[in-house]
Amino acid sequence: TRILHANKFSNIIRSSNSQSRVRGSQRRWQTTHLAPPALHGMQGAATDAFLGMCTRYLDYEILDAIKQGDHDKVAGLLKDAKNSDLPPDLGECLMRACRFGQPECLQLLLAAHANVNTHGIDGVTPLYTACRYGHSECTQLLLAAHAATDQPDNEGVTPLHVACGFGHGECAQLLITA
């Protein structure tokens with residue numbers, strides 16, 4: 001059994017028999033075929049928002065493995081995720097690999113077809129994150145995967161601005177020559 005955090009008020013538990021339940025309400029539904037009872041009859045944005053929370057549950061196991069640089073564990077979890085109804089959010093995984101300077105994990109995520117130009121709600125991209133923390137090897141991998149070099153965050157700051165602003169000359173040079 002692994003716990004998925006859909007929001008701060010409910011935990012969705014996915015057990016080995018493909019049944020899920022929301023703690024507190026004890027409602028059950030088949031994860032592979034039916035929407036939760038609370039969503040029956042609802043369509044559009046509400047359903048999409050709930051299902052988005054479920055699919056973006058941020059699998060803490062893979063995020064922790066990325067932070068620790070355990071690329072063997074990340075590879076195994078990505079392999080397991082191919083058969084999962086609720087795969088990890090590869091965009092969040094990319095951000096984590098770039099934040100902590102884990103190029104081996106980043107390569108695995110790129111090979112799993114993670115969107116290199118994904119961005120968070122603040123507009124920050126993996127390339128921006130790698131440049132912010134001075135991880136030139138991650139920056140180089142993202143550029144090789146055709147990451148957008150001029151995509152600004154919500155404040156209008158580009159990866160080149162942030163690399164220069166934090167004194168990461170090697171990242172800035174990679175961006176200039178890209």
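The values are calculated or read from the model by the stated rules, or taken from the named source; none is laboratory data. Please read these numbers as outputs of a predicted model, since none were measured by experiment. Quick reminder, even Gly has a Cβ in these numbers, built from the backbone with ideal geometry, and neighbours come from all protein chains shown. The protein model used for the area step is the full one, side chains on, heavy atoms only, and it has no ligands, DNA or RNA in it. Shrake-Rupley method; radii C 1.70, N 1.55, O 1.52, S 1.80 Å.
Observations on the model:
- Within segment 127-164, the residues that satisfy the criterion of being among the polar types (S, T, N, Q), in contact with a helix residue (DSSP H, G or I) (Cβ under 6 Å, 6 or more places away or on another chain) and open to solvent by less than 30 Å² (accessible area, probe 1.4 Å) are 129, 136, 139.
- Residue 75 vs. criteria surrounded by fewer than 21 Cβ atoms within 10 Å (Cβ to Cβ), assigned to a helix (DSSP H, G or I) and not charged (D, E, K, R): yes
- Answer residue from segment 117-126, given it is open to solvent by less than 40 Å² (accessible area, probe 1.4 Å) and in contact with a Ser or Thr (Cβ under 8 Å, 6 or more places away or on another chain) and is nearest to residue 88 (Cα to Cα) among those: 118
- Listed by position, the helices (runs of 4 or more DSSP H) inside segment 97-174 whose residues that are among the charged types (D, E, K, R) number at least 2 form an empty set.
- Any chance residue 175 is closer than 17 Å to residue 66 by Cβ and not aromatic (Phe, Trp, Tyr): no
- Search result, residues across segment 113-163 that are within 18 Å of the chain's Cα centre (by Cα) and among the small types (Gly, Ala, Ser): 114, 120, 123, 130, 145, 147, 148
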